[in-house]
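Undergrad: Structure incoming, see below.
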Amino acid sequence: MNQELLEKLSECVEFGKINLASPYPPQMKGMPGADEITKEALEAGVTPGEILNEALISAMNKVGQKFSENKIFVPQMLLSAKAMSASMIHLKPFFANGSVKRKGIFIIGTVFGDLHDIGKNLFSMMVEGAGWEVIDLGIDVKIEKFVEAVQQNPNAVVGISALLTTTMVHMKPVIEAIKSAVPETKVIVGGAPLSAEFAASIGADGYGKNPQEGILWLDKISA
Amino acid sequence: MENKINNSNLSSPLGARGSMTHKERFLATIANQPVDRPASWLGLPVPAAVPGLLEYFKVNSIDELKIKLDDDIYPIEVPYNFPPSNHIACAFKFAKVSHDDKPDERTLTAPGFFEDIDDPTLVDTFPWPDPALYLDVEASRRLAMAANPDYVRMGVMWSAHFQDACAAFGMEKALMVMLMNPDMFTAVIDRITEFYLKANELFYEATKGYLDAVLIGNDFGSQNGLMVDPDSLRTYVFPGTKKLIDQAKRYGLKVIHHSCGSIYPIIQDLIELGVDSIHPIQALAADMDAQTLKKGFAGKTSFCGGVDAQHLLVNGKPNEITAKVHELKQLFPTGLIISPSHEAILPDIPPANVEAMFNAINS
């Protein structure tokens, strides 16, 4: 029974079924979604940890994989993230009281001068779906704001994104400032014009060509 | 800015002029017919890039620079009196947050007017602008008439109905609405399309006889693939694209369609919609390198772009730019208007690389 609920929940997240009222996906219309199934699972005694690890993270991992293979696209990914959030709401009290632990804290923002946040937002959703707590600093994030955030969360991992060739060069001073403030902080960078070579040249610890690559890197450093 | 191109005033030190006129070269290129040398387009330098270009090339204006580079396309921006941007790409005030309101800084992802509206009958609660109030018909005519008719005079229409529909809700909400409440998404994108059809009609009427081509488009691609699945684009976006293309064709205009990113799976769609040239073939995006495009579409359409602006033009040496242009010329003896792989020339592109690009094109 519990396994069946976890499988159903996983399916809801993978295919973006948020709740009973949601008409998407058409083949699941009129069926309960991630919201109702999470409630049912908790009432049936499934632990929040099982819900997080065996349903949500595994489903979002499949979503990330399909996205990186161009089998699904941004709208489908957004609906999966929305379904995941509908489930996560029920887990919040357990995160708050410490009975379920996340993998870590991930701080993210676009580099100063850059207002483009589509990629950052998608990656944030995927990171949350991978079991991290995300602190989103938004767009055009000044160096001081990144530094303040890592000082407040000294074990956090930082993600910085840029879309333009004219703004990606701002990443280096941000990384230098972060590492100067909290030297052990790991930083991953991403964005359309970046490459692994560029990431290494500016002192980043990681680079994600797509969200899934970034998640794999996070999994590696948090293992 | 008024056009003041007069070819008799300046010499072109970047190689001998060809035997075809700009227009002949462009038309032959998009028809995949032989050309004397590749057609080319400088693109649209952003204001921050202009001083460096003028200083390096020792010219007084971008118009003079274009004569020196001897490219083939003359862009004509739509005069749209709607401050502070005065740009038709910023015609809709959808964003709920204040922002800089510049064409390159429009809010796509911020919450939009329709964020919480799910009833399509409420689409007219938004104060849809009437383009006739803002589009300066007289200035449109003046700009087009002032352009050298030897050039391919291209109206920069954009008409980005998909991107505006994203801004209307906030992009993330819009893309979810597209799947969950398609009637609502359609109601909004249809009203945006109607706006552009009316605006374009005003511009095309005003410039009749003085315009040769238009640039329209939306960004459909990311670096790695399409942002939206092809079926959804076909259902919700391309019907509007088709109307915009058909309208331009009724005025005898060639249509250049822009989309950043990796869009290989919908190139055939764009061809079938009637597009004459696909811009900007973002060379480093997945499957968008010239070789792959040649293999898939040589002779079936034409392209505009190809010289990578994400790395090569920014960080490369002039000899590397030269080598890339020669490679493009080999791959596409015709069928490619050589241009940077992004229309906006940013200030981090060294002018020497622009010079190398045009030297190689015109040699």
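Undergrad: Which numbered condition in (1) more than 28 Å from A:Ile118 (Cα to Cα); (2) in contact (Cβ under 8 Å) with a residue 60 or more places away in the chain is the only one that B:Lys68 fails?
TA: Going through the list (1) more than 28 Å from A:Ile118 (Cα to Cα); (2) in contact (Cβ under 8 Å) with a residue 60 or more places away in the chain, B:Lys68 breaks only (2).
Undergrad: Among the residues of segment B:310-351, what is the count of those that are hydrophobic (A, V, I, L, M, F, W, C), more than 17 Å from B:Ala290 (Cα to Cα) and touching a residue at least 40 places away in the same chain (Cβ under 8 Å)?
TA: 4
Undergrad: For B:Ile263, which of the numbered conditions (1) within 14 Å of another protein chain (Cβ to nearest Cβ); (2) at pLDDT 95 or above; (3) surrounded by fewer than 24 Cβ atoms within 10 Å (Cβ to Cβ) fails to hold?
TA: (3)
Undergrad: Just to be sure before I move on: is B:Gln282 modelled with pLDDT under 95 and within 25 Å of A:Glu69 (Cβ to Cβ) in the structure I sent?
TA: In short, yes.
Undergrad: Scan segment A:125-138 and give yes if some residue there is within 14 Å of chain B (Cβ to nearest Cβ), surrounded by fewer than 20 Cβ atoms within 10 Å (Cβ to Cβ), over 25 Å from A:Leu52 (Cα atoms) and not hydroxyl-bearing (Ser, Thr, Tyr), otherwise no.
TA: Among the residues of segment A:125-138, at least one is within 14 Å of chain B (Cβ to nearest Cβ), surrounded by fewer than 20 Cβ atoms within 10 Å (Cβ to Cβ), over 25 Å from A:Leu52 (Cα atoms) and not hydroxyl-bearing (Ser, Thr, Tyr), which makes the answer yes.
Undergrad: While we're here: For segment A:103-121, how many residues meet the condition of being more than 9 Å from chain B (Cβ to nearest Cβ), hydrophobic (A, V, I, L, M, F, W, C) and closer than 19 Å to B:Gln223 by Cα?
TA: Number satisfying all stated conditions: 1.
Undergrad: Residues to consider are B:Lys300, B:Lys295, B:Lys329; find the one that is over 30 Å from B:Lys242 (Cβ atoms) and out of contact with any Cys (no Cβ under 6 Å at 6 or more places or on another chain).
TA: B:Lys329
Undergrad: Examine segment A:47-56 for a residue that is in a loop (DSSP other than H, G, I, E, B), outside the structural domain of A:Ile135 (by TED's automatic domain parsing) and closer than 30 Å to A:Asn155 by Cα, and state whether such a residue exists.
TA: Yes, segment A:47-56 contains a residue that is in a loop (DSSP other than H, G, I, E, B), outside the structural domain of A:Ile135 (by TED's automatic domain parsing) and closer than 30 Å to A:Asn155 by Cα.
Undergrad: Hey, another quick one. So, in segment A:177-222, exactly how many residues are part of a strand (DSSP E or B), of a type in the set (A, V, I, L, M, F, W, C) and touching a Gly at 6+ places or on another chain (Cβ under 6 Å)?
TA: Total meeting the criteria: 1.
Undergrad: Scanning segment B:244-266 for residues that are assigned to a loop (DSSP other than H, G, I, E, B) and among the small types (Gly, Ala, Ser), which turns out farthest from the chain's Cα centre (by Cα)?
TA: B:Gly252
Undergrad: Out of A:Ala177, A:Ala181, A:Ala156, I need the residue that is more than 14 Å from chain B (Cβ to nearest Cβ), within 26 Å of A:Ala59 (Cβ to Cβ) and small (Gly, Ala, Ser). Which one?
TA: A:Ala156
Undergrad: Residues B:Phe195, B:Phe185: which one is aromatic (Phe, Trp, Tyr), assigned to a helix (DSSP H, G or I) and more than 14 Å from chain A (Cβ to nearest Cβ)?
TA: It is B:Phe195.
Per-residue answers, yes or no, for (1) modelled with pLDDT under 95; (2) in contact with a strand residue (DSSP E or B) (Cβ under 6 Å, 6 or more places away or on another chain); (3) hydroxyl-bearing (Ser, Thr, Tyr); (4) under 19 Å from B:Ile349 (Cβ atoms):
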site: B:Asp276; (1), (2), (3), (4): no, yes, no, no
site: B:Phe297; (1), (2), (3), (4): no, no, no, no
site: B:Gly316; (1), (2), (3), (4): no, no, no, yes
site: B:Val325; (1), (2), (3), (4): no, no, no, yes
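Undergrad: Right, something else. Among residues belonging to segment B:155-166 that are surrounded by 24 or more Cβ atoms within 10 Å (Cβ to Cβ) and within 14 Å of chain A (Cβ to nearest Cβ), point out the one that is nearest to B:Glu205 (Cα to Cα).
TA: B:Phe162
Undergrad: Just checking, how many residues over segment A:64-109 are closer than 26 Å to A:Thr185 by Cα, within 15 Å of the chain's Cα centre (by Cα) and surrounded by fewer than 24 Cβ atoms within 10 Å (Cβ to Cβ)?
TA: Residues meeting the conditions: 4.
Undergrad: For residues that are of a type outside the set (A, V, I, L, M) and surrounded by fewer than 20 Cβ atoms within 10 Å (Cβ to Cβ), scanning just segment B:198-218, find the one that is nearest to the other protein chains (Cβ to nearest Cβ).
TA: B:Lys198
Undergrad: Can I ask one more? Return the residue satisfying two criteria in turn: it lies in segment B:219-240 and is buried (at least 22 other Cβ atoms within 10 Å of the Cβ), touching a strand residue (DSSP E or B) at 6+ places or on another chain (Cβ under 9 Å) and assigned to a loop (DSSP other than H, G, I, E, B), and of such residues it is farthest from the other protein chains (Cβ to nearest Cβ).
TA: B:Phe220
Undergrad: Kindly indicate whether A:Val169 is of a type in the set (A, V, I, L, M), surrounded by 21 or more Cβ atoms within 10 Å (Cβ to Cβ) and either touching a residue at least 40 places away in the same chain (Cβ under 8 Å) or more than 19 Å from A:Leu218 (Cβ to Cβ) (or both).
TA: So A:Val169 does not fit the description; no.
Undergrad: Go through (1) on the phi > 0 side of the Ramachandran plot; (2) buried (at least 23 other Cβ atoms within 10 Å of the Cβ) for B:Val177 and report which single condition fails.
TA: Going through the list (1) on the phi > 0 side of the Ramachandran plot; (2) buried (at least 23 other Cβ atoms within 10 Å of the Cβ), B:Val177 breaks only (1).
Undergrad: Can you tell me which residue among A:Lys71, A:Lys62, A:Lys66 is within 14 Å of chain B (Cβ to nearest Cβ), part of a helix (DSSP H, G or I) and closer than 30 Å to B:Asp287 by Cα?
TA: The unique qualifying residue is A:Lys66.
Undergrad: Please verify whether B:Pro45 is of a type outside the set (Gly, Ala, Ser) and not assigned by TED's automatic domain parsing to the domain that holds B:Leu328, treating the condition exactly as stated.
TA: no
The values are calculated or read from the model by the stated rules, or taken from the named source; none is laboratory data. Nothing here was measured: the structure is a model prediction, and the numbers come from that model. No Cβ is skipped: glycine too gets one built from the backbone with ideal geometry, and neighbour counts run over all protein chains shown.
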